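Data block below; observations after.
The values are calculated or read from the model by the stated rules, or taken from the named source; none is laboratory data. Since the model is a prediction, treat every value here as computed from it, not as a measurement. All Cβ positions, glycine included, derive from the backbone under ideal geometry; neighbour counts span all protein chains shown. SASA here: full protein model, heavy atoms, side chains in, ligands and nucleic acids out. Shrake-Rupley method; radii C 1.70, N 1.55, O 1.52, S 1.80 Å.
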Number of protein chains: 2
Amino acid sequence: MKIAVLGGDGFVGWPTSLHLSDAGHEIHILDNLSRRWIDTELGVQSLTPMDSIQERTRIWHAETGRRIHFHLIDLAKDYELLKGWLAKHRPDAIIHFAEQRAAPYSMKSDRHKNYTVNNNVNATHNLLNALVELELDAHLVHLGTMGVYGYSTVGAAIPEGYLPVGIETPDGRTVSQDILYPANPGSIYHMTKCLDQLLFQFYAKNDGLRITDLHQGIVWGTHTEQTRRHTQLINRFDYDGDYGTVLNRFLIQAAIGYPLTVHGTGGQTRAFIHIQDSVRCIEIALNNPPERGSRVEIFNQMTETHRVRDLAELVAKMTGAKIAWLPNPRKEAPENELIVKNEKFLGLGLAPTTLGEGLLGEIVDVAKKYAYRVDRSRVPAVSAWTRDIAAKVEHDPEGKRLKSVS
Amino acid sequence: MKIAVLGGDGFVGWPTSLHLSDAGHEIHILDNLSRRWIDTELGVQSLTPMDSIQERTRIWHAETGRRIHFHLIDLAKDYELLKGWLAKHRPDAIIHFAEQRAAPYSMKSDRHKNYTVNNNVNATHNLLNALVELELDAHLVHLGTMGVYGYSTVGAAIPEGYLPVGIETPDGRTVSQDILYPANPGSIYHMTKCLDQLLFQFYAKNDGLRITDLHQGIVWGTHTEQTRRHTQLINRFDYDGDYGTVLNRFLIQAAIGYPLTVHGTGGQTRAFIHIQDSVRCIEIALNNPPERGSRVEIFNQMTETHRVRDLAELVAKMTGAKIAWLPNPRKEAPENELIVKNEKFLGLGLAPTTLGEGLLGEIVDVAKKYAYRVDRSRVPAVSAWTRDIAAKVEHDPEGKRLKSVS
């Protein structure tokens, strides 16, 4: 297949591009490289030293003989360029990662809120709009998030996208209907993924677009089979308070002797998936497109759920790290249960890579190798959900600031 | 109260501004005048001769001694200007009409789809974002649409925003929950109002904004008590295929001897409200803000439902007009039932102005007075929902084109 990977330079986009290229597909990465710009804006960098996208694809070609093509296009801003590119290349499938993907970044300031809404909504809508305009029947696979469901405890398992509900009619009967699971986003970022869902629903209904939406859990790990093949194919690995994700942060914190930063009680239960499984799921989704005219296909792309404090305790036990119990910069329930259905990927052959000390240890080793690149002042999560919360955020979990005063 | 009316130069915005000014409030209209530009783009004009906003407000002052202030600001594009204005004026309430509001216009082309999404989402989000940034506790009243509910026949009455549903738990119990009524928009325009709903839900939850969302039916009529006071205070009255709404179009068509344009079987049941009630409802909503921290307040702003073909037949009977049964440019159910709850406004004192021959006749008279301004070629609804449908659209319900060939 000819596949366009939008946002193919990112944390999951890059290993997905390699994985699919390795499987024999013709890969075209479309990316505006905004994530690299945001590193510059925030004054942070990936723990792992990443090469430019051009250099990465050159190395991939040298190692495997396969080409990955790169096109610098801003989906959200350059509708005509995107449309022109799609008209010329007419890909069979499109994988859409091209959105600002950090909840804390989306809550940093009014500018960041506007940027996230504007970028994410327009990127998704421009794409859908162009597919219709070009009558291009490419299968669109979108990376969504488990966060669209929210984390309020209803007591029922979270289904894969659609919830069967009973609705009472005036004459006392109960009619059963499948509805899109009621959106309950916890940040501006998560909200944009809820907006995406409605865009997809409309374009599938009105125009028969074939769309798969992957509601992904928190991705952990950094290597996949392909990124291991050469130092310069290494994947991005974020540790900072905005882009670093919880389990990866604990592993890096353990590696650099930083206290594990648990926010609130650590009672948040979240869904997780290893990055190797993430790229495999995307491949499975690609191979199982919905029929034209059917509703949006939705998968829960996760393999297990864990409570944040349990993960911290696991990593602490494994590595001897200390845990820092910090005020929570997010506005969220302190504790929640989470039961998630993921039978669809399992039924299509996914063999989950679950949390094991071996794999966790390997990640700690990667982190140790590049520990010299860490700016410890960038570790705290300081982007707060409201002004009141911001006043209570802990900027210095190591207590360094106090020491320097004494 | 000091009230900002965003989009106060529009079809409902203008009479709302007059009504609230008349009631003693300090009114500030913020508008980018995009609706006037769209008239220019489409080469159409209001049936009624509208003066500039500056002239209209001058006349209002001359007639009543009251000032309505006008500020040219593009909400969707000029976030910093909007924020600066709000910081300076700190209104007590904000009424938000500032969105592209025609479903057919939103479906005209890819450019119009992008414009509608971009304009409507950014206008709403910029506003919410600025309110939080400024810690401005103004009550926000938004004009939404009944179309967010969709027109699929579930058999249950449409509640005011929130639907109680039963959800089955793994242990066999049924948990009851109130959810935002599942969105089922029928056009890009309607979809943007569904996106708005999620933005409101998030900002009410995260930031405690006080928001009222009015799900309005199709507005008919043109005059209100205040627009009648002077010829130059006259309201806009659209007859064209994009911006004209169904009942007003029938009345104008009857006035100019054009066949009444029914699309499909005319079996579409829709909710309606007279413009005089529309402005009264907005005033009632203003006077009944939700508590800070509570969920978004939602009212169904409509007074009656009618089937389109029944309206056509009523107008035909009243005026002797013929009915033209035309292919439907929209993708929608040919027939639907619609039962809508509207007890909240009734409970707060709304006395509905329902469809009566007297009022309908008055509107026909207005249309007759200005009939000389009509461009008949702009009457057909030609913006189609898909390319397949576009091929079947009737561009000439009067059959003029055939005649000129023979």
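Brief remarks follow.
- Residue in region A:5-19 that is farther than 30 Å from B:Tyr115 by Cα, in contact with a Gly (Cβ under 9 Å, 6 or more places away or on another chain), touching a residue at least 24 places away in the same chain (Cβ under 8 Å) and not in a helix (DSSP H, G or I) present: no
- Test: B:Val175 is open to solvent by 10 Å² or more (accessible area, probe 1.4 Å), within 11 Å of another protein chain (Cβ to nearest Cβ) and not aromatic (Phe, Trp, Tyr): yes
- Count of residues meeting criterion [closer than 18 Å to A:Glu99 by Cα, open to solvent by 20 Å² or more (accessible area, probe 1.4 Å) and in contact (Cβ under 8 Å) with a residue 40 or more places away in the chain] in region A:20-41: 3
- One residue stands out among those in region B:341-398 that are among the hydroxyl-bearing types (Ser, Thr, Tyr) and within 14 Å of chain A (Cβ to nearest Cβ): the one that is farthest from B:Met318 (Cα to Cα), which is B:Thr386.
- Among the residues listed as B:Gly166, B:Gly150, the single one being open to solvent by less than 10 Å² (accessible area, probe 1.4 Å), within 11 Å of another protein chain (Cβ to nearest Cβ) and at pLDDT below 95: B:Gly150
- One residue alone among A:Arg111, A:Arg90, A:Arg101 is at positive phi and at pLDDT 95 or above, and that residue is A:Arg90.
- Being part of a loop (DSSP other than H, G, I, E, B), small (Gly, Ala, Ser), more than 30 Å from A:Ile167 (Cβ to Cβ) and within 11 Å of chain A (Cβ to nearest Cβ) is not true of B:Ala156.
- Residue within region A:358-373 that is in contact with a Pro (Cβ under 9 Å, 6 or more places away or on another chain) and closer than 30 Å to A:Lys108 by Cα present: yes
- Residue count, region A:186-198 (criterion: buried (at least 23 other Cβ atoms within 10 Å of the Cβ) and facing chain B (nearest Cβ under 7 Å)): 3
For every residue, the table says whether it meets (1) more than 10 Å from chain A (Cβ to nearest Cβ); (2) within 16 Å of A:Asn122 (Cβ to Cβ); (3) of a type in the set (A, V, I, L, M, F, W, C); (4) not in a loop (DSSP other than H, G, I, E, B).
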position: B:Glu80; (1), (2), (3), (4): no, no, no, yes
position: B:Trp85; (1), (2), (3), (4): yes, no, yes, yes
position: B:Pro91; (1), (2), (3), (4): yes, no, no, no
position: B:Ile94; (1), (2), (3), (4): yes, no, yes, yes
position: B:Lys113; (1), (2), (3), (4): no, yes, no, yes
position: B:Thr116; (1), (2), (3), (4): no, yes, no, yes
position: B:Asn126; (1), (2), (3), (4): no, yes, no, yes
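- Options B:Ala123, B:Ala138, B:Ala183, B:Ala130; residue that is free of Cβ contacts under 8 Å to residues at least 40 places away in the same chain, small (Gly, Ala, Ser) and buried (at least 21 other Cβ atoms within 10 Å of the Cβ): B:Ala183
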